[in-house]
Amino acid sequence: MSCCFSFLPPFLQASTYIILLIALTFSSFSNQVACQCRNPPVIFNFGDSNSDTGGLVAGLGYPINLPNGRTFFRRSTGRLSDGRLILDFLCQSVNTRFLSPYLDSMGSNFLNGANFAIAGSRLLPKYEPFALNIQVLQFLRFKGRSIELVSAGSGNLVSDEGFRNALFMIDIGQNDLADSFARNLSYTEVVKMIPSFVTEIRNAIQVIYSQGGRKFWVHNTGPLGCLPQKLSLVQKVSSDLDSHGCLANYNSAAKLFNEGLRHLLQELRSEMKDTTIVYVDIYAIKYDLIANSSSYGFSNPLMACCGYGGPPYNYRKGVTCGQHAYQVCSEGSDFISWDGVHYTEAANRVIASKILSMDYSTPRIGFDFFCH
């Protein structure tokens, strides 16, 4: 699917004030909304559930049922959201189809790239499905087989030139931090693991570079301590929370991970001078959305739309969204969190708009830069 689209959530369109506010804030998006990208990039995405467009369902048969997908697709597509993900909005901004999951053998089209992201994926252990390293190995298999088939006359796959000019997107690391805390490691112990996490991203980029990849778009990790799931499951006292109600040590670890990632990408730009490597501060975008939720037309920034238990977080382990006895907010409600871990389409739309503004990118390069 591809189309031009409005960045405003439906529930914001009724508010003149909010429309004017967002119009002023996001006035730089006219090019993206106009879909002026005539030659969209081939895109290969690596990551976890934040950008999984159906890989978990295709790979493991894991059921992701309605109400997931209810807002835009009107059916479950394997995305952990009520609608589109950030990745989907970025694809639409350059007038290309949504990326097909690499593992989906039914109805997939890989001419515009492939999505290797799988929900639950981590950086370590590196040989555990579907770690980033495994996803890169899958890409190498995909590339080799595609070039082989194109050479044999197939016309519906990416060519060698397409691979050389492709954009490689990476959005992973959240699960490594979350799982480390879930194993009852101390904050200090979690922080000590961050360099090994970041090294896996270095390894992935270097392997892709060795295969001719020269264009990279890397998202840092979001405010882990603001997820309703974490807030619900972690035993805490008021001093553990920051001024916006988020777990301070979880967010501190996320910021340290992001700082390590930022330094890594600086180093790689120096080492690989013929590359374009863009670092996107997803943490800043998401934290601003939560801290200033009312300014964006949202309420209950730390409460899940789909879950169980009601306020303050509407999350209960074992009764998650789509499972028996779950409760879901009405369609069009002003929630940021969809299921306690993932974001609603309305929130993803705002986040994508911020990404496309270039204000959170280092260097300051737009996503449409990769059109050719």
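The values are calculated or read from the model by the stated rules, or taken from the named source; none is laboratory data. Here the structure is a predicted model, which is why all the values come from computation and not from measurement. Cβ placement follows ideal geometry from the backbone for every residue including glycine, while neighbour counts extend to all protein chains displayed. These accessible areas exclude ligands, DNA and RNA; they are computed on the full protein's heavy atoms, side chains included. Shrake-Rupley method; radii C 1.70, N 1.55, O 1.52, S 1.80 Å.
Structure notes:
- Degrees between helix 16-25 axis and first principal axis of the chain (Cα, 0 to 90, nearest 10): 40
- DSSP-loop trypsin sites (Lys or Arg not before Pro) across segment 100-190, with at most 12 other Cβ within 10 angstrom: ARG183
- Averaging the Cα positions of each part gives two centres, and for segment 345-372 and segment 76-115 these lie 17 Å apart.
- Phi to ³J(HN,Hα) by Karplus 6.51 cos²θ - 1.76 cosθ + 1.60 over segment 225-242, Hz, x for Gly, Pro: x, 9, 6, x, 4, 5, 4, 6, 8, 8, 6, 8, 10, 4, 6, 7, 9, 7
- Zone of LYS317's modelled label, taken as backbone nitrogen in segment 334-370 under 18 Å from a point 7 Å along Cα→Cβ: 339-342
- Bridges between two residues of the chain, per DSSP, are antiparallel at a rate of about 25%.
- Where labels lie 7 Å past Cα in the beta-carbon direction, separation of LYS236 and ARG141 in nm: 4.0
- Accessible surface, per residue, of segment 261-320 when the full set of protein chains is kept, probe 1.4 Å, Å²: 41
- Residues of segment 159-199 falling in the label zone of GLU267, defined by backbone nitrogen less than 12 Å from a point 7 Å along Cα to beta-carbon, are 195-199.
- Shown for the chain: lysine pairs separated by 8 or more places, or found on different chains, whose C-alpha atoms are under 18 Å apart, numbering 10.
- When peptides 147-157, 166-176, 360-370 are ranked by their average number of other Cβ atoms within 10 Å per residue, the highest-first order is 166-176, 360-370, 147-157.
- Rounded tilt (10° steps) of 248-271 against the dominant C-alpha axis of the chain: 20
- Alpha carbon centroid spacing (whole Å) that separates segment 148-183 from segment 272-317: 25
- Helix-derived mean residue ellipticity, 222 nm - over the chain, DSSP H n ≥ 4, -39500 (n - 2.57), to 500: -11500 deg cm²/dmol
- Note on ARG38 and SER151: their simple-model spin labels are 3.3 nm apart, each label 7 Å out from Cα toward Cβ.
- Nearest-ten-degree value, helix 345-356 long axis tilted from longest Cα axis of the chain: 50
- Under-5 Å amide H pairs with PHE72, H placed in peptide plane, nonlocal only: ARG84
- What a 1.4 Å probe finds exposed on segment 209-357 is 48% carbon and sulfur by accessible area, rounded to a whole percent.
- Percentage relative contact order, the chain, counting C-alpha pairs under 8 Å, at least six apart: 20
- From phi via Karplus (6.51, -1.76, 1.60), per-residue ³J(HN,Hα) for segment 362-367 in Hz, x at Gly/Pro: 10, x, 6, 10, x, 5
- Of the trypsin sites (Lys or Arg not before Pro) in segment 65-112, the ones in a loop by DSSP (not H, G, I, E or B) with at most 11 other beta carbons within 10 Å are ARG74, ARG75.
- Placed amide H near ALA304: partners under 5 Å, 5+ positions off or other chain: ASN314
- The SER252 and THR362 beta-carbon pair, evaluated with R₀ = 30 Å, returns a calculated FRET efficiency of approximately 0.90.
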